[in-house]
Amino acid sequence: MNEVYITGIGLTKVSEHWNKSLKHLTYESVQNCLKDCNYKKPDLIVVSNALGGFIQYQESLSNLIAENLSLNKIPNLRIETGEASGASALMVGYMAIASGMFKNVLIIGVEKISDALPHQFISYVSSFLDYEYFVYNGITPASIFAILYKLYLKRYNAKQENIAQFASHDHKMAINVEHAQYRFNLPVERILSSPILVDPIRLFESYPVSDGAASIMLSSKDQVENKDYSVKLEMISASTDVNVLYREDMLLFASLRDSFSQIRKHAKIELKDIDFLEIYDPYTIASPIILESLGLLNKGEGYKLLLEGQHEKDGDLPLNTHGGLKARGHPIGATTLYQVCESVLQLRDKAYNQVPNAYIGLVHSMNNIGDQSFLILLKRL
Amino acid sequence: MKPLHQVSIIGYGGYIPIRRIKAKEIARIWGKSDKALPLEEKSVAAYDEDTATMSVEAAYNALKRAKISPSLIGAVYVGTESKIYTVKPTSTVVAEALGITPNVLASDYEFACKAGTEAMQTCIGLVSSGMVKSALAIGADIARGRPGDELEYTAGAAAAAFLLAKAGEFEDIAILEGSFSYVTDTPDFWRREGQIYPMHYYRFTGEPAYFHHIREAASNLMKELNLKPSDFKYAVFHQPNSKFPQEVATSLGFKSEQYKPGLLVPLIGNSYAASSLLGFAAVLDIAKPGDRILLASFGSGAGSDAFSFVVCDGIESKRNLAPLIMDYVSKRKYVDYAIYAKHRNKYNK
Amino acid sequence: MTAPSYWRERKYRYRLIAKYCRNCDKKYYPPRLVCLRCGNDKLEEVELPRKGTLITYTWVTQPPNEFAAYAPYAIGLIKLDDGTLIFAQLTDVDYEELREGLRVEAVFRKMFEEDEKGLIYYGIKFRPAYFESNPPP
């Protein structure tokens with residue numbers, strides 16, 4: 001298999017972009033990416049978008065984007081795996097290069113959530129679960145996370161302020177990040193006094209309504225021009241888990257644990273080798289479970305990462321250094337690509353919260369309640 | 001009327017929604033005196049309840065007492081004036097929810113508050129003729145009270161279900177001795193298509209409607225069966241308010257110990273098509289083998305069905321297989337007018 | 001929700017019917033086509049018990065569109081009396097009455113309506129069990 005490199009990245013600010021359509025956002029992001037990679041010509045487009053069909057009534061999105069951006073005469077695909085769409089789009093791009101079929105693949109993640117009414121959006125995002133038995137009963141992903149939250153607090157005798165701390169950390173990280181949606185401090189007291197969303201999840205423990213587009217140029221080795229500027233996409237692993245009801249342990253994302261086993265086995269990487277971590281936490285309760293599922297901390301102790309500063313940019317395992325889903329924002333189909341772009345900035349020494357000696361980064365993406373988890377391993381050249 | 005082959009009740013059950021509103025609370029909203037109110041309180045169906053959901057719970061209780069497989073039920077009839085759809089029977093949803101479909105007759109009956117007993121008459125004919133093994137008659141309603149109208153105090157909600165079969169085939173709870181139906185075209189209460197709330201003609205609904213039809217049906221029944229009021233242990237009548245059933249019972253010659261046990265309206269209101277059937281179920285909950293019970297419904301429009309049942313030994317073992325009516329009556333949560341209006345969606349109309 | 005889609009699943013939704021794998025002695029609700037453990041695709045239909053215990057619950061104030069008119073409501077994780085775990089909406093219960101260990105029972109209720117012209121959708125919710133004693137608050 002051929003090696004795969006990231007030769008360019010392009011982001012838009014994450015925000016409620018009332019004046020920008022899907023077309024505008026993609027154009028802006030792709031322009032930034034093409035400039036960044038010195039105008040490589042892609043021979044394949046892969047678009048990641050989860051809810052364009054519902055919210056903008058737009059299907060066949062990759063076709064529309066390629067046509068609008070005059071990226072003609074090359075194949076285009078749209079990939080959707082719910083919230084983890086960005087990771088699977090990246091995986092498809094990886095396969096395209098690794099197989100030798102393509103030389104430069106442009107991955108574009110785009111989403112506009114702000115166009116939808118709040119109740120509609122909740123219906124749409126709940127459609128990632130089995131519509132006929134979940135939305136039908138009024139059960140949303142948030143309500144399942146809320147139930148896990150209660151189980152977690154009870155089983156481990158944990159305190160909500162320790163879990164809410166993850167959102168506070170995300171906000172602190174985003175303050176000086178230009179493309180982040182929210183760039184203000186959010187102390188834990190403010191989080192815990194915000195309105196209850198789905199008991200016990202507070203409003204400020206949940207991801208915001210975001211629009212954004214992030215693009216990445218994947219290239220084969222012979223296409224790499226600037227070694228200092230390019231990053232190796234070492235490996236993408238993925239695994240799935242059964243419906244929450246049938247798991248042996250509801251407070252463990254087996255999909256993530258298994259995904260990481262693949263990374264450890266094939267890339268010969270251990271947790272101690274990783275210089276920074278991006279996790280996919282739509283609600284604060286996901287964070288400790290993710291860390292425990294990775295094996296970083298014991299069960300029930302996930303929050304301890306935040307206690308001694310190991311999660312800060314100069315700690316042992318810097319976490320969500322650009323604000324994560326909570327503060328940088330969560331334009332669903334684009335989110336994982338934002339995570340990867342931010343990791344590339346770290347590995348180029350161009351990050352807003354630069355981790356010293358950043359050499360290896362790990363990005364986590366997941367759908368629903370860890371129904372599918374992806375891990376993306378990136379290395380400095 | 002006597003069926004060719006004797007018919008009995010092999011299962012019965014009821015359901016009353018948990019929420020209640022006091023008549024005093026309704027009077028408070030409309031600035032009326034809380035003296036001389038037609039009853040104490042009435043039941044309030046929740047926003048997620050309707051005639052189908054209440055019928056399913058009542059019928060579920062009836063099936064538990066009947067102890068037969070749903071596949072032996074050949075007909076399901078829901079008598080109601082609050083059909084879930086104007087076109088598409090409530091009975092099909094009920095039959096599906098109880099696992100009775102597809103080899104079954106189903107339809108909704110309408111005759112105001114006597115729709116349930118009309119259904120019962122048809123069931124008697126069907127099982128007696130041998131066309132079906134057993135038949136389910138349900139009376140259920142979520143009565144609509146026009147805001148500020150006098151019927152708003154009494155418009156309640158409930159369901160009652162009776163499973164009938166040929167006597168002797170399954171364990172009998174009560175055997176039918178005979179029935180008498182008396183129907184005329186009497187415009188005391190009606191609702192035109194597209195209208196949400198019914199119209200009623202105040203005092204005209206009394207003597208020429210309620211009293212006349214029940215008296216005729218009940219007295220003709222007793223004449224035909226050669227019975228007098230003292231032959232009955234209990235007498236249950238349709239209950240639009242606390243006064244009417246007591247008056248008609250007295251005028252027919254019944255005493256308070258005969259009609260009081262079946263009088264539920266002071267606590268749950270007028271549940272329209274379920275009203276008399278629910279009172280009958282409440283009486284079965286306490287009756288002993290050998291007791292004779294008179295059941296006389298009344299439906300505006302107008303008509304009355306009168307029945308005479310004699311309780312069998314089966315009642316002793318079957319009674320406690322499902323909740324009693326008084327169990328439902330005593331399970332209650334009070335709401336104020338605002339919550340009541342929210343559940344019954346009164347501010348959108 | 002389309003009429004055919006609603007109609008296809010009615011049996012499972014109206015009567016709490018699960019799919020059962022005889023090899024593994026495991027019941028699945030929502031009903032599955034294939035057993036998770038052994039891959040058996042000849043699953044049988046079985047009615048689940050109508051009573052259970054509330055393991056934990058949450059209170060939804062941000063509902064999907066379908067339930068916008070009915071919020072807030074409770075969602076519970078329920079262990080039915082045969083050990084099967086299910087998620088379900090709870091009804092006839094106020095926030096203050098909810099607690100872990102509450103005995104609950106299945107009831108047939110309206111889920112939501114399309115609109116004034118559309119279909120009415122029915123299903124199973126759970127309410128605090130009548131006529132059973134509950135653990136003290």
Task: Kirkwood Rh (inverse of mean 1/r, distinct Cα pairs), the stretch B:178-313, angstrom - done: 15.0 Å
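Sequence gap at least 6, Cα distance under 8 Å: using those rules, report the relative contact order of chain B to the nearest whole percent.
Values: 907 pairs, mean separation 89.7, N = 349.
The value is 26 percent.
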TODO: Jot down the per residue volume, in cubic angstrom and as a whole number, of the convex hull over the alpha-carbon atoms of chain B.
DONE: 119 Å³
Open item on the list: Test of understanding: ordering A:VAL344, B:VAL78 by Cβ neighbours within 10 Å, fewest first, what list do you get?
Closed with: A:VAL344, B:VAL78
- [ ] Please work out the Cα center distance from the stretch A:224-285 to the stretch B:252-273, rounded to the nearest Å.
- [x] 70 Å
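Just from its helices, what would the mean residue ellipticity at 222 nm be for chain A, if runs of 4 or more DSSP H residues each count -39500 (n - 2.57) and the sum is divided by every residue, rounded to the nearest 500 deg cm²/dmol?
Values: 12 runs with 127 residues, N = 381.
Calculated from helices alone, the mean residue ellipticity at 222 nm is -10000 deg cm²/dmol.
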Task: Hypothetical label at C:LYS117: residues of the stretch C:1-19 whose amide nitrogen lies under 19 Å (7 Å Cα-Cβ projection) - done: C:1-4
- [ ] Provide, in order from the shortest bin, the percent of all Cα-Cα pairs of chain C in each 5 Å bin, continuing until the bin that contains the maximum pair distance.
- [x] 2, 10, 18, 19, 19, 16, 11, 5, 1, 0
Task: Helix-only [θ]222 nm of chain B, DSSP H runs n ≥ 4, -39500 (n - 2.57) each, per residue, nearest 500 - done: -8500 deg cm²/dmol
TODO: Work out the length of the dipole vector of the protein assembly as shown about its Cα centre, built from +1 on the beta-carbon of each Lys and Arg and -1 on the beta-carbon of each Asp and Glu, and round it to the nearest 20 debye.
DONE: 460 debye
Task: Shielding by other protein chains, A:138-151, mean Cβ within 10 Å - done: 6
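Identify the trypsin sites (Lys or Arg not before Pro) of the stretch C:98-127 meeting these criteria: DSSP loop state and at most 14 other C-beta atoms within 10 Å of the C-beta. Could you put the intermediate results ahead of the total?
Details: sites: C:ARG99, C:ARG103, C:ARG109, C:LYS110, C:LYS117, C:LYS125; in loops: C:ARG99, C:LYS117.
Filter output for the stretch C:98-127: C:ARG99, C:LYS117.
For the stretch B:1-82, which GluC sites (Glu not before Pro) are in a loop by DSSP, counting at most 13 other Cβ atoms within 10 Å?
Working: sites: B:GLU25, B:GLU40, B:GLU41, B:GLU49, B:GLU57, B:GLU81; in loops: B:GLU40, B:GLU49, B:GLU81.
Counting only loop positions with at most 13 other Cβ atoms within 10 Å, none of the GluC sites (Glu not before Pro) in the stretch B:1-82 qualifies.
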- [ ] Quote the charge dipole size of the stretch A:24-83 about the Cα centre in Debye, to the nearest 20; the model charges only the Cβ of Lys and Arg (+1) and of Asp and Glu (-1).
- [x] 280 debye
Open item on the list: Charges at C-beta only: +1 for Lys and Arg, -1 for Asp and Glu. How large is the resulting dipole of the stretch B:178-313 about its Cα centre, in Debye rounded to 20?
Closed with: 260 debye
- [ ] Work from the charge dipole of the stretch C:49-137 (Cβ charges, +1 for Lys and Arg, -1 for Asp and Glu, about the Cα centre) and give the residue of C:ALA129, C:LEU90, C:LEU80 farthest towards its positive end.
- [x] C:LEU80
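For the protein assembly as shown, count all C-alpha to C-alpha pairs, find those more than 45 Å apart, and express that count as a whole percent of the total.
Details: 149285 of 375411 pairs.
Across the protein assembly as shown, Cα pairs with separations above 45 Å total 40 percent.
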Task: For the stretch B:1-40 versus the stretch B:279-304, the gap between their alpha-carbon centres in whole angstrom - done: 14 Å
Task: Loop trypsin sites (Lys or Arg not before Pro), the stretch B:1-35, which have at most 11 other Cβ atoms in a 10 Å radius of their Cβ (DSSP) - done: B:LYS35
TODO: Place +1 on the Cβ of every Lys and Arg and -1 on the Cβ of every Asp and Glu in the stretch B:178-313, take the dipole about the Cα centre, and give the residue among B:LEU294, B:LEU225, B:TYR182 whose Cα lies farthest towards its positive end.
DONE: B:LEU294
Task: Percentage relative contact order, the stretch C:1-48, counting C-alpha pairs under 8 Å, at least six apart - done: 36 percent
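With contacts defined as alpha carbon pairs under 8 Å and 6 or more residues apart, what's the relative contact order of the stretch B:33-111 in percent?
Details: 81 pairs, mean separation 26.0, N = 79.
Once divided by the residue count of the stretch B:33-111, the mean separation gives 33 percent.
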TODO: Find how many whole Å separate the alpha carbon centroid of the stretch B:51-113 from the alpha carbon centroid of the stretch A:313-381.
DONE: 58 Å
- [ ] Please find the FRET efficiency linking A:GLU67 to A:LYS221, where r is the Cβ-Cβ separation and R0 is fixed at 25 Å, and quote it to the nearest 0.05.
- [x] 0.25
Task: Furthest towards positive pole of dipole, A:VAL242, A:LEU71, A:ALA174, structure part chain A, Cβ charges - done: A:LEU71
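Whole number please: convex hull volume per residue of the Cα set in the stretch A:199-348, in Å³? Don't jump to the answer; show the numbers that get you there.
Numbers: hull volume 21.2 nm³, N = 150.
That works out to 141 Å³ per residue.
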TODO: Using a 10 angstrom cutoff on alpha carbons, build the Gaussian network for chain A and name the most mobile of A:ASN137, A:ASN298, A:ASN185.
DONE: A:ASN137
- [ ] Please report, in whole Å, how far the alpha carbons of the stretch C:1-48 spread along each principal axis, starting with the longest.
- [x] 34, 19, 13
Task: Cα-derived Rg to Rh of chain A, Kirkwood definition - done: 0.94
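Laboratory data are not the source of any read-out in this text; all were calculated from the coordinates shown. Fair warning: this is a prediction, and the values are worked out from it, not measured in the lab. Counting neighbours? That spans all protein chains shown, and the Cβs are built from the backbone with ideal geometry, glycine included.
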